[in-house]
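Derivation of every value follows stated rules applied to the coordinates shown; laboratory data play no part. These figures come from a predicted structure and were not determined experimentally. Quick reminder, even Gly has a Cβ in these numbers, built from the backbone with ideal geometry, and neighbours come from all protein chains shown.
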């Protein structure tokens with residue numbers, strides 16, 4: 001299942017999708033987007049690349065291991081909850097850094113809800129890739 | 001703080017034993033018993049003087065303040081007695097275990113579990129808060145489970161371990177319920193405070209329930225009839241475990257509980273009747289059981305049952321004299337029974353058998369063990385000057401003072417006579433009679449590590465028998481704690497020629513007669529039917545298993561078709577119920593209008609649906625379903641929910657892509673279902689669909705109170721610094737819900753992974 005058009009499209013569109021997913025993830029707090037959507041976009045980008053090449057791409061060592069993504073995603077969400085505890089608040093209370101002015105991004109506000117969203121992003125990405133991997137193993141080996 | 005140090009030492013010993021307990025050598029012999037011995041010294045040297053002078057040592061720290069559970073400890077005389085027995089005998093058991101286990105590859109597990117048990121039991125002895133008590137109580141059951149099932153490759157041992165766990169665990173549940181009721185009735189969770197309001201609890205309307213539930217816990221733990229059957233089966237544990245848990249300490253936990261709660265719920269007419277009846281049956285049953293056995297450990301298990309029954313009788317009568325007698329008997333029994341079990345273990349270890357029918361003349365080859373057994377047996381037979389004699393004398397002294405003296409005394413004489421004859425059968429005959437035939441191994445003396453512990457306990461039993469006043473302070477403290485008021489106690493070995501002494505002589509005579517006639521009792525051995533309660537247990541367990549199998553087969557059929565059918569049917573039933581509850585089909589009106597876009601989407605979706613159902617090509621069905629998904633996304637967008645719409649489109653796309661990947665590998669797209677099944681499924685889906693629509697329409701006419709959505713929108717930017725309220729709800733307001741969802745996602749991913757892996761395994765096997 002290799003086609004030149006798909007190959008070339010994937011080579012450009014894949015990374016673009018992954019980059020887009022990060023933007024969607026970041027802007028989610030104020031505009032449509034967020035971890036769920038971002039994770040799904042990233043997964044489509046990666047799957048596009050894999051589709052264009054072959055299934056074994058998903059198992060190469062440089063590729064993110066889906067289970068590792070799932071585990072680190074959960075860990076990140078727990079961490080974002082624990083930070084509230086460290087500040088003497090309840091578990092998962094939102095803690096925000098003061099707003100900063102950064103070049104390109106403008107006014108930036110960072111806080112534990114964003115960190116939590118990063119965790120969601122990782123879990124959704126990991127889940128989708130794991131499903132794809134399981135299907136691939138089932139049908140293409 | 002002392003209580004915490006004690007628990008800390010024992011808790012720290014668990015991992016240490018697990019790490020260093022495997023290598024057989026002098027180092028293990030020296031180091032392993034140290035924590036237990038340190039705990040014993042701490043108790044004897046620091047806790048004991050304080051308890052004896054001031055009545056108790058207490059400590060309290062906040063544990064779960066939201067639930068009012070404090071880590072409250074209160075070491076009184078009773079607890080001190082129990083803790084001393086646990087750590088003292090525990091030290092000797094660990095030394096014995098060193099010799100007994102030798103180089104067994106899993107000996108470290110045994111030692112770690114023994115320490116876990118010691119930790120639990122010491123905590124139990126000191127706990128003041130009912131819930132803390134309960135936690136330690138259950139921990140003893142759990143450690144007992146692991147220890148009985150130590151030979152885990154033996155199915156019998158596993159079954160027996162499970163039996164003990166289920167029986168004591170169910171009793172534990174009853175106990176917890178009883179504790180909760182008791183705490184509510186007495187308005188306190190602390191045993192030390194509850195003892196002050198005992199009369200209030202005894203007069204409480206729920207006293208009956210409290211008493212029955214608490215006694216269920218105590219009776220299952222202390223193997224009282226009809227829950228006695230697990231104890232003889234627990235003998236499949238290694239012998240150090242039987243000596244420690246199932247004779248000297250754990251089975252005493254139930255007795256200890258009854259002692260401890262005596263001032264709170266004891267002494268009423270109901271208490272007396274329940275305890276004396278149950279105790280009497282257990283005493284006689286245990287004696288007869290022991291007489292019918294020829295396995296050394298099972299004989300001893302029978303006497304343990306008998307003694308537990310006897311203690312329960314004494315507690316049931318519950319005068320000062322009885323409590324004292326019970327305490328003396330308990331100490332005496334702990335000393336001689338642990339000894340006899342260790343002796344039985346040594347005999348088993350050195351001769352290869354525990355069958356009393358072939359054991360004989362071991363005094364020649366095992367002289368030390370023979371003497372130790374003799375000392376312990378004398379104490380058990382209640383001969384002077386051993387401590388067992390005092391136990392028996394004081395028991396008779398208490399029983400003849402009771403109004404039903406003739407009946408109780410008769411039961412006690414029969415019981416004691418049987419215990420006496422069992423002592424002869426298990427601990428004297430194997431050593432002193434003539435040889436009975438060849439043994440599996442050539443017998444020789446046990447190593448010193450296996451002689452030291454029993455020797456010390458046997459000599460100790462003689463020492464405190466000759467100098468009983470050494471026990472006076474401890475007994476006074478324990479008795480005061482059990483009675484609920486301060487008392488001085490003085491016990492004497494020789495009390496002159498009185499009725500108890502004559503009863504003792506009668507017991508001796510009766511016991512020796514039983515020994516002489518024991519051959520016909522033994523001939524019953526093969527004929528005893530399994531006990532009725534044992535059969536009831538088996539029946540219940542099988543019933544539960546059968547039910548579990550049946551419902552698994554019915555619900556988890558493995559066919560996707562069945563799962564969807566069940567889920568949809570249940571949904572249908574629930575929707576119907578909801579509709580009926582909110583007044584059926586009345587008040588439903590369709591309001592509002594549809595935009596042209598919505599009309600087009602609705603038409604497209606309906607056509608796609610028909611196409612998906614009717615088509616003969618899998619790819620067409622797939623695309624048609626995808627179209628429905630995109631239609632839903634459009635509806636979301638129309639109602640200004642961009643986040644939902646985007647998610648829907650992405651999910652739909654990914655699903656189609658993944659499915660398209662697999663579609664070529666699937667078998668041909670046939671119609672596997674019969675016509676009738678198809679009709680059934682179609683009817684179910686249509687009815688469910690219609691009802692869902694009705695429910696949605698209906699819900700618009702209902703007033704559910706003010707919606708939270710307005711408040712959330714208001715707070716979103718002001719309090720959570722986010723303009724996208726959907727996202728703020730997901731990651732901030734309801735972050736824990738989201739967290740739950742992503743955990744579910746992870747679990748699902750692991751499930752998919754294992755499904756794929758298991759299929760791979762099947763394929764590989766098929767290729768071979």
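Relative to one another, the C-alpha centroids of the stretch B:693-764 and the stretch B:166-212 are positioned 43 Å apart.
Summary of packing: across the peptides B:49-58, B:5-14, the per-residue average of other C-beta atoms within 10 Å ranks them, highest first, as B:5-14, B:49-58. Pairs of Cα atoms nearer than 8 Å and 6+ residues apart set the relative contact order; for chain B it is 10 percent. Sort out for me the Cα centre separation of the stretch B:319-357 from the stretch B:545-565, rounded to whole Å. If we compute the Cα centre of each part, the gap is 51 Å. Provide, for q = 0.15 Å⁻¹, the log10 of I(q)/I(0) from a solvent-free Debye sum over equal Cα point scatterers in the stretch B:438-502. Normalising to I(0) and taking log10 leaves -0.72.
Inter-chain neighbour count for A:92-99: the average number of beta-carbon atoms from partner chains within 10 Å of each residue's beta-carbon is 3.
Ranked for footprinting exposure by Cβ neighbours inside 10 Å, fewest first, B:563, B:145 give B:563, B:145. Summarised in one figure, the compactness ratio Rg/Rh of the protein assembly as shown, Cα atoms and Kirkwood Rh, is 1.10. Across peptide A:104-112, the average count of Cβ atoms from other chains found within 10 Å of a residue's Cβ is 1. One equal scatterer on each Cα of the stretch B:300-406, no solvent, Debye formula: the resulting log10 I(q)/I(0) at q = 0.12, 0.16 Å⁻¹ is -0.48, -0.74.
Among B:22-35, B:533-546, how do they line up by average Cβ neighbours within 10 Å per residue, starting with the highest?
Packing order, densest peptide first, comes out as B:22-35, B:533-546.
The Cα-based radius of gyration and maximum Cα-Cα distance (Dmax) for chain B are 34.8, 112 Å.
Between residue B:436 and residue B:531, what FRET efficiency comes out of the Förster formula 1/(1 + (r/R0)^6) with R0 = 35 Å and r the beta carbon distance, rounded to 0.05?
Working: r = 29 Å, r/R0 = 0.83.
Rounded to the nearest 0.05, the efficiency is 0.75.
Quick one: plug the Kirkwood hydrodynamic radius of the stretch A:63-141 (C-alpha pairs) into Stokes-Einstein at 4 °C, 1.567 mPa s, and report D in µm²/s.
Details: Rh = 14.3 Å.
My calculation gives 90 µm²/s for D.
Structural descriptor for the stretch B:142-199: relative contact order 21 percent, calculated from alpha carbon pairs under 8 angstrom and at least 6 residues apart. From the Kirkwood radius over Cα pairs of the stretch A:5-46, Stokes-Einstein at 37 °C and 0.692 mPa s returns a whole-number translational diffusion coefficient of 322 µm²/s. Cα gyration tensor of the stretch B:88-241, axes a ≥ b ≥ c as square roots of the eigenvalues: rounded (a/c below 1.5), prolate (a/b > b/c) or oblate? Prolate shape, in that a/c is at least 1.5 and a/b is the bigger ratio. Here, the stretch B:93-158 has an Rg and a Dmax of 13.7, 41 Å when only alpha carbons are counted. By the count of other C-beta atoms within 10 Å, a proxy for reagent exposure, B:70, A:90 are ordered fewest to most as A:90, B:70.
Per-residue shielding of A:122-132, expressed as the average number of other chain Cβ atoms within 10 Å of the residue Cβ, stands at 5.
If we count other beta carbons within 10 Å of each Cβ, what is the order of B:342, B:182, fewest first?
Values: B:342 35, B:182 26.
If I rank by nearby Cβ atoms, fewest first, I get B:182, B:342.
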